[in-house]
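Since the structure comes first, as structure tokens, the remarks are kept for the end.
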Amino acid sequence: QVQLVESGGGSVPAGGSVRLSCAVSDHPYARICLAWFRQAQGKEREGVATIGHTGRTLYGDSVKGRFTISADNAKYTSHLEMNSLKPEDTGMYFCAAQGRLYCPLHPDTYNSWGQGTQVTVSS
């Protein structure tokens, strides 16, 4: 499995911005999907954003227009830029990866996961 480590989480006020990072280990895939998911306490895991080997991105409806996913060309690093944060954005954010062509916004697609980084948005 690909090794992933998230960083950049913390407590921020509503309307603020946070940039999360995901360090990705060397991997054997010519085509790899990198993704971000989040999970609030007591709630099911929610897709946030994905990015494929071509740079194609996919966003969850709740974050579209506010969050931006990016990655380097080799897909060894992923970033999630989060703007206009809302209290409902609070949760544990996970970076995930999977070698494949298309990158769905569904957690079952991915078999490599980081430990998560907490983001708390206060009102």
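Each row is one residue, and each column tells you yes or no for (1) open to solvent by less than 40 Å² (accessible area, probe 1.4 Å); (2) polar (S, T, N, Q); (3) under 20 Å from residue 10 (Cα atoms).
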site: 44; (1), (2), (3): no, no, no
site: 47; (1), (2), (3): yes, no, yes
site: 50; (1), (2), (3): yes, yes, no
site: 58; (1), (2), (3): no, no, no
site: 68; (1), (2), (3): no, yes, yes
site: 76; (1), (2), (3): no, no, no
site: 88; (1), (2), (3): no, no, yes
site: 98; (1), (2), (3): yes, yes, no
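Please work out if residue 19 is under 14 Å from residue 117 (Cβ atoms), open to solvent by 70 Å² or more (accessible area, probe 1.4 Å) and touching a His at 6+ places or on another chain (Cβ under 7 Å). Yes: the conditions hold for residue 19.
Beta carbons closer than 8 Å, at least 6 apart along the sequence or on distinct chains, pair a first residue in region 61-76 that is of a type in the set (A, V, I, L, M) with a second that is outside any strand (DSSP E or B) for 63/89; 71/55.
Tally the residues that are at pLDDT below 95, surrounded by fewer than 16 Cβ atoms within 10 Å (Cβ to Cβ) and in contact with a Lys or Arg (Cβ under 7 Å, 6 or more places away or on another chain), restricting the search to region 29-42. Of the residues in region 29-42, 1 are at pLDDT below 95, surrounded by fewer than 16 Cβ atoms within 10 Å (Cβ to Cβ) and in contact with a Lys or Arg (Cβ under 7 Å, 6 or more places away or on another chain).
The residue that is farthest from residue 101 (Cα to Cα), among those in region 1-35 that are among the charged types (D, E, K, R) and not in a strand (DSSP E or B), is 26.
Just to be sure before I move on: is residue 41 assigned to a loop (DSSP other than H, G, I, E, B) and within 17 Å of residue 122 (Cβ to Cβ) in the structure I sent?
On the way: assigned to a loop (DSSP other than H, G, I, E, B): yes; within 17 Å of residue 122 (Cβ to Cβ): yes.
It is true that residue 41 is assigned to a loop (DSSP other than H, G, I, E, B) and within 17 Å of residue 122 (Cβ to Cβ).
The values are calculated or read from the model by the stated rules, or taken from the named source; none is laboratory data. Every value quoted in this text rests on a predicted model; they were computed, and no experiment measured them. Positions of Cβ are generated from backbone atoms using ideal geometry, with glycine treated the same way; all protein chains shown enter the neighbour counts. Each accessible area value is taken on the protein alone, full model and side chains, heavy atoms only, with ligands, DNA and RNA left out. Shrake-Rupley method; radii C 1.70, N 1.55, O 1.52, S 1.80 Å.
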